[in-house]
Amino acid sequence: MDENITMNGVRGIDCLVVKKVYDALSRRECLENIPFEVQLPGGSLGDYVFCNTQFGRAEVFQYDCEPVFTEKDDQYARMRLIVGIPVYVVLKRRSDRRVFVLPAHPVSCGVVQKDNIIRIPVDSTVYAPREFLRQGRFEAQAETYVETGCVNMACGCDSLNLSLGIFLIVRVVSDVHLRIPNYGYCEIPPECDEVCDENFCEKFLDETLTPFPQFFPGDLC
């Protein structure tokens, strides 16, 4: 028996490098009736049926040319950034029922954005000790969950209006070394199930493997 294995199954203590959350904040934002332009593969929006919206992983951008963190005192800093969320619309073409996932470019003051990212500004005070902030130990991460409300496809040739409800979490994280109990490596998972039985017809035609089913319900005893 391995001497490093204890009664509770722990093989020892390992030191791992992980991202520890030192502070976090949440907020919700609702964007109502925002126009988006879509580059269609052909025709106009009237030739398509709206299916749903999809959203990419949130990204963190600098606010103009400002640093993300600015010192306030020994323990706290001002965090100012932009959270960007990629937006896609799923459309089905009426003629051949083909489905397309297309980037949706926001339109602001009549100007179409070059990318398909909606941007949410964040400005808050967070815990980030000065001595470690000056060492570049902290970074900001964002996570979002977006719900789609009203959809209006009658606003233009290649544009549609969306109302989006956004749940947002921003975290202040830093790489740290953590000591954790080691229970050993995970077992190899089972093989994937076959999607289709290639011998279906052979088994179906074999009367011993696939007997003829009963067509009618049994009599009441």
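Remark: the chain carries a charge dipole of roughly 1200 debye about the Cα centre, counting +1 on each Lys and Arg Cβ and -1 on each Asp and Glu Cβ. Ordering SER174, PRO190, ILE120 by the projection of their Cα atoms onto the charge dipole of segment 108-191, which places +1 on the Cβ of Lys and Arg and -1 on the Cβ of Asp and Glu, puts SER174 at the extreme positive end.
Of the residues CYS150, VAL90, TYR63, the one whose Cα sits farthest toward the positive end of the charge dipole of segment 23-178, with +1 on the Cβ of Lys and Arg and -1 on the Cβ of Asp and Glu, is VAL90. Where only DSSP H runs of four or more residues are counted, the chain gives -1000 deg cm²/dmol as its mean residue ellipticity at 222 nm, each run worth -39500 (n - 2.57).
Derived scalar couplings between HN and Hα for segment 198-203 equal 5, 9, 4, 5, 4, 5 Hz in order, rounded to whole Hz, by the Karplus curve 6.51 cos²θ - 1.76 cosθ + 1.60 (θ = phi - 60°), x for Gly and Pro. Per residue, the chain exposes 72 Å² of solvent-accessible protein surface, assessed with a 1.4 angstrom probe and all protein chains in place.
Sorting the segments 109-117, 71-79 by their residues' average number of neighbouring beta-carbon atoms within 10 angstrom, most packed first, yields 71-79, 109-117.
Computed over protein heavy atoms with a 1.4 Å probe, the carbon and sulfur contribution to the accessible area of segment 1-138 reaches 48%.
With 28 Å as the limit on Cα-Cα distance, the pairs of LYS92/LYS114; LYS92/LYS203; LYS19/LYS72 that go past it are LYS92/LYS203.
The distance between label points at GLN214 and GLU198 comes to 3.7 nm (points 7 Å beyond Cα on the Cα→Cβ vector). Of ASN33, ILE13, GLY43, whose Cα points farthest to the positive end of the dipole of segment 11-53 (charges on the beta-carbon: +1 Lys, Arg; -1 Asp, Glu; origin at the Cα centre)? Of ASN33, ILE13, GLY43, it is ILE13.
The values are calculated or read from the model by the stated rules, or taken from the named source; none is laboratory data. In this text, all values refer to a predicted model and were calculated from it rather than measured experimentally. Positions of Cβ are backbone-derived with ideal geometry, glycine not excepted, and every protein chain shown enters the neighbour counts. Just so you know, the surface numbers come from the protein's heavy atoms only, side chains and all, with ligands and any DNA or RNA stripped out. Shrake-Rupley method; radii C 1.70, N 1.55, O 1.52, S 1.80 Å.
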